[in-house]
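To start, the structure itself, in C-alpha cells.
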Amino acid sequence: MSQTNPTPPAPVARPVPRIGNYVDSKPFWDGIAAGKLVLQYCTEAKRFQHYPKPVSGYTGRRTLVWRETSGKGVIYACTVVRIPGPGLEGRLPLCVATVELDEGVRIIANVLNCSPEQMAIGKRVKLAWDQLTPEQRYPAFELV
C-alpha cells in the first residue's frame, strides 16, 4: 500500500470589504480611491463618526456630511495577530490597532511596516494603504 502526499491547499485570497446597502458608504470608497480617508461628520455635534450610519450617533438626526480627515492619530489600543487565518499568509505577525484620529474618531486598522516590539499605546501614526487586491486598498497606518 503506497501513500501519496496530498497537495497542500492553495492560499486563500485576502478578504475584501463588502460594500453594503444599509447606508450609503460610496463617499468612503470614493475617498479611498482618491487616496483620502473620508468619514461622516455631524454638522450639529461638530464631530466625526465611524463606521458609516444613516443618522448621527450623537444627535440621531440626518445632519451628516462626508469630510476628509488628516489621517494622523495615536494608537489607542493594539494587539498582534500571530495565529494564521484566511489571507494572512506571509503577513504574520500582523500589528493591528484602534487608532484615535486627531479629529477624535476611532478606527481599527492594520499598522504596516511595524514589528510587534514597536507597537505601543500612545505612539503617533499616519495614514497608509493596505493593498488587499490589485484593485482594492483599505486604510491602514504606519508609525510616525
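Given the residues 94, 112, 88, which is the only one that is modelled with pLDDT under 95, farther than 13 Å from residue 37 by Cβ and either in contact with a strand residue (DSSP E or B) (Cβ under 6 Å, 6 or more places away or on another chain) or not assigned by TED's automatic domain parsing to the domain that holds residue 42 (or both)? Before you say what the answer is, go through the steps one by one.
On the way: 94 fails: modelled with pLDDT under 95; 112 fails: modelled with pLDDT under 95.
Every option except 88 fails the conditions.
Condition first: out of contact with any Ser or Thr (no Cβ under 7 Å at 6 or more places or on another chain), modelled with pLDDT of 75 or more and assigned to a loop (DSSP other than H, G, I, E, B). Now tell me which residues in the stretch 15-51 satisfy that.
Once the filter is applied, which keeps residues that are out of contact with any Ser or Thr (no Cβ under 7 Å at 6 or more places or on another chain), modelled with pLDDT of 75 or more and assigned to a loop (DSSP other than H, G, I, E, B), the stretch 15-51 yields 15, 17, 23, 24, 25, 34, 35, 36, 46, 50, 51.
Of everything in the stretch 87-131, what is small (Gly, Ala, Ser) and outside any strand (DSSP E or B)? Give them in sequence order. Outline the logic, then answer.
Within the stretch 87-131, the first condition is being small (Gly, Ala, Ser), and the residues that meet it are 87, 90, 97, 104, 109, 115, 120, 122, 128.
87, 90, 104, 115, 120, 122, listed by residue number.
Among the numbered criteria (1) part of a loop (DSSP other than H, G, I, E, B); (2) under 23 Å from residue 123 (Cβ atoms), which single criterion is violated by residue 62?
All conditions are met except number (2).
Pick from 118, 131: which is farther than 21 Å from residue 16 by Cα and exposed (fewer than 14 other Cβ atoms within 10 Å of the Cβ)? Outline the logic, then answer.
Working: 131 fails: farther than 21 Å from residue 16 by Cα.
None of the other options fit; the residue is 118.
Report whether or not residue 46 is in contact with an Asp or Glu (Cβ under 9 Å, 6 or more places away or on another chain) and of a type outside the set (Phe, Trp, Tyr).
Numbers: in contact with an Asp or Glu (Cβ under 9 Å, 6 or more places away or on another chain): no; of a type outside the set (Phe, Trp, Tyr): yes.
Against the criterion (in contact with an Asp or Glu (Cβ under 9 Å, 6 or more places away or on another chain) and of a type outside the set (Phe, Trp, Tyr)), residue 46 does not qualify.
Exactly one condition in (1) outside the structural domain of residue 140 (by TED's automatic domain parsing); (2) at pLDDT 95 or above; (3) farther than 15 Å from residue 129 by Cα; (4) buried (at least 17 other Cβ atoms within 10 Å of the Cβ) is false for residue 58; which is it?
So the condition that residue 58 fails would be (4).
If I filter the stretch 34-47 for residues that are in contact (Cβ under 8 Å) with a residue 60 or more places away in the chain, in contact with a Gly (Cβ under 8 Å, 6 or more places away or on another chain) and hydrophobic (A, V, I, L, M, F, W, C), do I get at least one hit? Please lay out each step first, then the result.
Of the stretch 34-47, the ones in contact (Cβ under 8 Å) with a residue 60 or more places away in the chain are 35, 37, 39.
Imposing the further condition that a residue be in contact with a Gly (Cβ under 8 Å, 6 or more places away or on another chain) reduces the set to 37.
From what's left, hydrophobic (A, V, I, L, M, F, W, C): 37.
Scanning the stretch 34-47, I find at least one residue that is in contact (Cβ under 8 Å) with a residue 60 or more places away in the chain, in contact with a Gly (Cβ under 8 Å, 6 or more places away or on another chain) and hydrophobic (A, V, I, L, M, F, W, C), so the answer is yes.
The values are calculated or read from the model by the stated rules, or taken from the named source; none is laboratory data. Since this is a predicted model, take the numbers as computed values, not measurements. Positions of Cβ are backbone-derived with ideal geometry, glycine not excepted, and every protein chain shown enters the neighbour counts.
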